Amino acid sequence: MEKWYEFFRKVSSFYHKHQQKMVIAYNVTWNLFLLLLVIGLIGFSFIGGLGAGYFASLVKDEPIRSEKELEKDIYDYSETTKVYFADNVYLGKIRTDLEREKIKIDQISEHLKHAIVAVEDEYFYEHKGIVPKAIMRAIFQEFSNSSVRTGGSTLTQQLIKNQILTNEVSFERKAKEILLALRLEKYFTKDQILEAYLNVSSFGRNSSGRNIAGVQAAAQGIFGIDAKDLSIPQAAFIAGLPQNPFAYTPFTKDGEVKEDLQPGINRMKTVLRKMFAEGYITKKEYEEALKFDLKAHLAKKKKPDIEQYPWIIYEVEKRVKDILAEQLAKKDGHKLEDLRKNNKELFNRYMALADQDMRQNGYNIHTTIDKKIYDKMQEVVKNYKYYGSPKLEKKKDPETGKTVTIEEPVEVGAVLIENKTGKIISFVGGRDHNREQTNHATRALRPNGSTMKPLAVYAPAMEMGIVQPGTVVADLPFSIGKYQPKNYGGGYHGLTSIRTALKHSYNIPAVKTYAKIISQNPVSYLEKMGFSSLAQEDYSSFSLALGAMTYGVTVEENVNAFSTFANNGEFVDAYMIEKIETQDGKVIYQHNSKKEKVFSPQTAYLMIDMMRDVIQSGTASSLKRYLSFQSDWAGKTGTGQDYRDAWFVAVNPNVSFGTWIGYDTPKRLETTYKGLTYSNRNILLWAKLMNAAYSVKPDLIDPNTSFKMPKGIVSRSYCALSGDLPSELCKKAGLVQTDLYNAKFLPNKVDKSLAYGKFVLVDNVAYQVPANAPAEFVQEGPLLKKEVLNNLGISDVSQLTKLLPSGVNLEALTLTGNRVLQDNGKAPSKVPAVKLSGTTLSWSKSGEYDVIGYRVYAAPSNSNSFKKIASIPAKNNLSISVGKSPASYYVVAVDVAGKASPPSAIVKTAQSGKTEPQQKPKQTANARQ
């Protein structure tokens with residue numbers, strides 16, 4: 001206590017002794033402090049003013065953005081458009097340089113949010129957009145040229161840089177970034193800012209080798225899971241990627257796993273350490289996460305969607321682009337089709353805008369394609385063994401410019417359409433997209449051969465009332481100017497009905513029918529049914545009736561046109577894009593099927609009924625043994641010029657389906673390959689594809705209903721010589737046939753092709769009866785009038801036997817040109833080649849042209865007393881049935897003047913013994929009659 005007292009006493013004594021000096025020193029020190037403080041404040045204000053002025057000069061050109069403008073800019077990032085099969089089955093993504101899928105903050109793993117904040121912005125939930133000390137540190141590092149850069153950007157600033165500004169390194173850009181970050185934090189919550197950041201940031205490549213952005217694309221592309229399911233180490237790995245995405249990404253541009261994953265793993269460990277330091281994970285979680293085997297958890301290499309379904313993806317892109325371009329043009333008051341024809345520059349501009357819109361706006365595109373049917377069809381095409389042999393073709397290499405010889409295989413195109421809606425349920429674009437990218441179903445133009453006959457010839461002609469199924473046409477040599485159509489395989493078929501001509505695909509009746517209607521613009525029917533590649537010269541070409549087109553038609557258009565018949569004559573345009581919607585479900589396009597009347601229901605049904613015959617007994621009759629099910633099919637085969645194309649299109653009440661095979665560079669198909677003709681090879685492929693579709697959806701492919709006959713269809717008989725109503729003579733001649741007709745266009749006159757009279761017959765040709773002709777060979781019956789032959793252009797007698805309709809009994813109808821048979825002035829020679837086979841006696845015709853008949857004589861066994869047993873007119877079939885009793889026979893030829901030949905050799909039954917006569921037969925009194 002005494003020590004403390006002594007201490008305070010000394011201090012007090014010192015103070016009183018030096019009090020005056022201390023007061024002076026205090027006053028000086030205080031005043032000096034105040035002076036320095038004032039000077040410092042003035043200097044700071046000056047420097048601050050200079051800084052503030054400099055900052056203001058840097059941001060003077062930056063507009064003051066409203067909340068809506070900021071929202072638009074921040075959320076304005078491209079998303080990958082997705083494509084779906086029918087029934088919302090995911091197909092894949094549209095091609096783009098960057099894959100991104102937008103995701104909400106509540107769909108993101110908490111681990112990933114923590115990892116991003118820990119490694120990129122530890123003060124994220126505390127600052128107002130910027131961290132001043134971080135900015136000052138960054139500025140100091142910039143001025144000091146420090147080799148260590150810690151960065152001064154918050155997540156907010158990084159978002160501004162990515163979405164509004166550029167990556168330019170400058171104080172101006174940094175100043176704008178700070179200003180906008182402060183403004184952004186004023187309007188948006190931390191979750192909104194973090195969500196936007198996680199959706200825009202780049203994360204390297206996925207297992208397909210594609211560039212990815214956004215955490216959902218990263219989670220799916222790197223680990224094969226959704227962002228909400230990321231574990232701690234997975235979240236840490238993804239969070240570390242934005243610093244240097246392509247250095248840390250585990251995949252190469254080819255989708256292969258990198259040999260050295262260590263840079264990415266080291267970065268992941270840095271993120272984990274930050275998460276632990278910030279308290280986001282426990283020590284145990286941290287240590288467990290460090291053991292994470294990255295390579296074992298990476299997603300398996302995945303083929304890009306374009307490689308899995310190239311035909312669909314490319315086709316969808318083209319169709320969607322057209323739809324969006326049409327919408328953009330319409331918005332500006334234009335019609336895209338008009339621009340296509342009249343303003344190529346503006347048209348191309350809208351197409352480019354549509355392409356950008358499609359690839360960047362993250363639409364959901366829903367198609368009509370049934371995945372299971374499509375997959376099954378591709379499998380059939382891959383395994384089919386009967387296409388035919390590949391052929392060599394010379395082509396110019398696009399890279400070297402040199403001409404090289406390659407092998408071209410037989411290609412295929414096919415389309416399946418639902419009739420009532422026009423939905424394209426499935427298609428076959430080709431055999432190998434890697435070899436040839438042309439879509440042979442929707443883009444390749446080929447002449448459609450005889451499949452054109454129902455579309456451009458017979459249906460329009462029936463609609464106009466020019467023909468009906470029972471109309472008769474002469475299939476005989478024919479020409480129009482220099483054009484001379486020929487039938488497949490050559491040859492002619494005489495008088496034939498339209499039904500028969502279609503069933504067997506005769507060419508001449510089709511061209512003759514087309515010639516009757518060409519002045520009434522039958523091509524307009526093709527236009528109504530969606531043919532889009534018609535050239536001006538096609539409108540006046542007679543060969544169009546046989547499918548010879550300047551450019552051709554796609555399989556889709558051809559099949560679509562046939563569906564018109566299944567739809568009671570109404571055309572429903574085929575389509576593949578069902579709807580297009582935004583990611584939030586807003587529909588920006590919805591297809592609406594429209595019907596256009598092309599034919600009456602009566603014409604459509606008659607065409608269906610005629611095409612049924614094609615399958616039942618015509619050129620497609622092989623189909624029945626190939627199909628694993630039966631349906632009410634009606635169809636038509638087709639062959640291109642010089643056998644370069646093979647077609648088959650058929651419809652039932654539900655669907656229309658068609659196939660085409662041929663070479664890309666048109667070449668002749670092999671007539672026969674592995675025992676099958678080119679047509680049967682195509683029909684077999686058609687059947688296999690339909691069997692595959694049937695195995696998936698039998699109710700769709702094989703409906704339990706048939707085509708319904710509309711009112712106004714009636715059955716009528718007609719004469720097969722003319723198509724007119726049958727006369728009594730036509731009935732007597734056995735020439736009456738029956739068919740279906742549109743009640744509006746029934747035959748209204750009676751056939752006048754025949755007359756009744758007497759004649760003699762030689763080789764089925766009738767001649768006038770000479771005065772001295774033996775009565776036994778004179779016949780009576782129907783005769784074809786000469787003027788009929790003249791009208792048909794028949795002058796050569798050899799053509800007459802080819803004239804009658806198939807199946808008609810030639811003996812019931814005699815053909816005549818009022819010809820007179822002249823006597824050659826001598827008796828006929830002996831009848832040759834008489835023989836007896838069982839109970840049939842036959843012989844060869846006499847070598848004399850004036851022979852009008854034969855007399856047959858018989859005698860009992862062991863007798864020489866022959867009697868005439870028959871008189872047979874001269875005809876092609878020279879034979880007679882005789883009894884079983886033992887007897888001998890010989891034959892005598894008789895000419896137009898009544899002169900008889902010597903008896904032929906005698907033939908005897910087995911019981912009669914020898915076949916040569918032992919003596920000259922004794923003729924009875926009437927032997928010369």
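Pairs please, first residue from the stretch 468-480 and touching a residue at least 12 places away in the same chain (Cβ under 8 Å) and assigned to a loop (DSSP other than H, G, I, E, B), second anywhere and surrounded by 19 or more Cβ atoms within 10 Å (Cβ to Cβ) and among the basic types (Lys, Arg), Cβ atoms under 8 Å, 6+ apart in sequence or on different chains.
Between residues of the stretch 468-480 that are touching a residue at least 12 places away in the same chain (Cβ under 8 Å) and assigned to a loop (DSSP other than H, G, I, E, B) and residues that are surrounded by 19 or more Cβ atoms within 10 Å (Cβ to Cβ) and among the basic types (Lys, Arg), the close pairs are 469/499; 470/499; 478/512.
Which one of 721, 689, 725 is within 18 Å of the chain's Cα centre (by Cα) and of a type in the set (A, V, I, L, M)? Break it down stepwise before answering.
Numbers: 721 fails: within 18 Å of the chain's Cα centre (by Cα); 725 fails: within 18 Å of the chain's Cα centre (by Cα).
The conditions single out 689.
Which is within 19 Å of residue 705 (Cβ to Cβ) and surrounded by fewer than 20 Cβ atoms within 10 Å (Cβ to Cβ), of 584, 609? Full working, then the answer.
On the way: 584 fails: within 19 Å of residue 705 (Cβ to Cβ).
Among 584, 609, only 609 is within 19 Å of residue 705 (Cβ to Cβ) and surrounded by fewer than 20 Cβ atoms within 10 Å (Cβ to Cβ).
Which one of 579, 636 is touching a residue at least 24 places away in the same chain (Cβ under 8 Å), closer than 30 Å to residue 713 by Cα, of a type in the set (Lys, Arg) and not in a helix (DSSP H, G or I)?
From the options 579, 636, the qualifying one is 636.
Tell me yes or no: at least one residue of the stretch 627-640 is charged (D, E, K, R) and under 23 Å from residue 568 (Cα atoms).
Checked against the condition, which is being charged (D, E, K, R) and under 23 Å from residue 568 (Cα atoms), the stretch 627-640 yields at least one hit.
Scan the stretch 321-380 for residues that are under 30 Å from residue 695 (Cα atoms) and of a type outside the set (Val, Ile, Thr) and report the count.
11
How do the strands (runs of 3 or more DSSP E) wholly within the stretch 784-851 filter down when requiring 3 or more residues that are modelled with pLDDT under 90: which remain?
Where strands (runs of 3 or more DSSP E) fall fully within the stretch 784-851 and carry at least 3 residues being modelled with pLDDT under 90, they are 814-816.
Kindly indicate the residue of the stretch 543-575 that is more than 28 Å from residue 709 (Cα to Cα) and part of a loop (DSSP other than H, G, I, E, B) and also nearest to the chain's Cα centre (by Cα) among those meeting that condition.
554
Considering only the stretch 619-649, how many residues are of a type in the set (Phe, Trp, Tyr) and within 22 Å of residue 706 (Cα to Cα)? Reasoning before the result, please.
Of the residues in the stretch 619-649, the ones of a type in the set (Phe, Trp, Tyr) are 626, 629, 633, 643, 647-648.
Filter again for within 22 Å of residue 706 (Cα to Cα), leaving 626, 629, 633, 648.
Residues that pass the stated criteria total 4.
Could you tell me whether any residue of the stretch 446-458 is touching an Asp or Glu at 6+ places or on another chain (Cβ under 9 Å) and aromatic (Phe, Trp, Tyr)? Step through it out loud before you land on a result.
Of the residues in the stretch 446-458, the ones touching an Asp or Glu at 6+ places or on another chain (Cβ under 9 Å) are 446-449.
If we keep only those that are aromatic (Phe, Trp, Tyr) too, we end up with none.
No, every residue in the stretch 446-458 fails to be touching an Asp or Glu at 6+ places or on another chain (Cβ under 9 Å) and aromatic (Phe, Trp, Tyr).
Which of (1) crowded, with 16+ Cβ neighbours inside 10 Å; (2) within 30 Å of residue 374 (Cα to Cα) is the odd one out, the single condition residue 301 does not satisfy?
Exception for residue 301: condition (1).
Take the conditions surrounded by 20 or more Cβ atoms within 10 Å (Cβ to Cβ) and in a loop (DSSP other than H, G, I, E, B) and apply them to residue 904. Does it pass? Give the steps one after another, and end with the answer.
Numbers: surrounded by 20 or more Cβ atoms within 10 Å (Cβ to Cβ): yes; in a loop (DSSP other than H, G, I, E, B): yes.
Criteria met by residue 904.
In the stretch 232-263, how many are crowded, with 18+ Cβ neighbours inside 10 Å and of a type outside the set (A, V, I, L, M)?
11
Just to be sure, is residue 464 within 18 Å of residue 604 (Cα to Cα) and surrounded by fewer than 20 Cβ atoms within 10 Å (Cβ to Cβ)?
Answer is yes for this residue.
Of the residues 711, 688, which is at pLDDT 95 or above and in a loop (DSSP other than H, G, I, E, B)?
Every option except 711 fails the conditions.
Given the structure, is residue 189 crowded, with 16+ Cβ neighbours inside 10 Å and modelled with pLDDT of 60 or more?
No, not satisfied.
Hey, among the residues in the stretch 250-272 that are β-branched (Val, Ile, Thr) and closer than 18 Å to residue 290 by Cα, which one's nearest to the chain's Cα centre (by Cα)?
Of everything passing the filter in the stretch 250-272, 265 is nearest to the chain's Cα centre (by Cα).
Can you tell which of 685, 700 is over 30 Å from residue 781 (Cα atoms) and crowded, with 21+ Cβ neighbours inside 10 Å?
Numbers: 700 fails: crowded, with 21+ Cβ neighbours inside 10 Å.
Exactly one residue qualifies, and that residue is 685.
Scanning the stretch 377-394 for residues that are touching a residue at least 60 places away in the same chain (Cβ under 8 Å) and in contact with a Ser or Thr (Cβ under 7 Å, 6 or more places away or on another chain), which turns out surrounded by the most Cβ atoms within 10 Å (Cβ to Cβ)?
377
Go through the stretch 521-542 and count every residue that is in contact (Cβ under 8 Å) with a residue 60 or more places away in the chain and either part of a helix (DSSP H, G or I) or surrounded by 15 or more Cβ atoms within 10 Å (Cβ to Cβ) (or both).
7
In the stretch 459-490, which residue that is more than 22 Å from residue 753 (Cβ to Cβ) and among the aromatic types (Phe, Trp, Tyr) is nearest to the chain's Cα centre (by Cα)?
488
Among what's in the stretch 481-511 and is of a type in the set (Phe, Trp, Tyr) and either outside the structural domain of residue 608 (by TED's automatic domain parsing) or assigned to a loop (DSSP other than H, G, I, E, B) (or both), pick the residue that is farthest from residue 612 (Cα to Cα).
Filtering the stretch 481-511 for residues that are of a type in the set (Phe, Trp, Tyr) and either outside the structural domain of residue 608 (by TED's automatic domain parsing) or assigned to a loop (DSSP other than H, G, I, E, B) (or both), the one farthest from residue 612 (Cα to Cα) comes out as 492.
Only residues in the stretch 212-232 that are free of Cβ contacts under 8 Å to residues at least 12 places away in the same chain count as the first member; pair them with residues that are part of a helix (DSSP H, G or I), Cβ under 6 angstrom, at least 6 apart or cross-chain, and list the lot.
Close Cβ pairs satisfying both conditions: 225/219.
Of all residues in the stretch 543-555, how many are of a type in the set (Gly, Ala, Ser) and crowded, with 24+ Cβ neighbours inside 10 Å?
The initial filter retains those residues of the stretch 543-555 that are of a type in the set (Gly, Ala, Ser), namely 543, 545, 547-548, 552.
Filter again for crowded, with 24+ Cβ neighbours inside 10 Å, leaving 545, 547.
So the answer is 2.
Being touching a residue at least 12 places away in the same chain (Cβ under 8 Å) and under 17 Å from residue 883 (Cα atoms) is the filter here; which residues of the stretch 823-842 pass it?
834, 835, 836, 839, 840, 841, 842
Taking strands (runs of 3 or more DSSP E) that do not extend beyond the stretch 337-450, which have at least 2 residues that are of a type outside the set (S, T, N, Q) and over 29 Å from residue 544 (Cα atoms)?
Correct list: 364-367, 391-396, 403-408.
Among the residues of the stretch 355-369, is there at least one that is in contact with a strand residue (DSSP E or B) (Cβ under 8 Å, 6 or more places away or on another chain), closer than 28 Å to residue 77 by Cα, surrounded by 19 or more Cβ atoms within 10 Å (Cβ to Cβ) and aliphatic (A, V, I, L, M)?
yes
The values are calculated or read from the model by the stated rules, or taken from the named source; none is laboratory data. Being a predicted model, the structure only gives us computed values, none of them experimental. Heads up, the Cβs are rebuilt from the backbone with ideal geometry, glycines too, and the neighbour counts pull from every protein chain shown.
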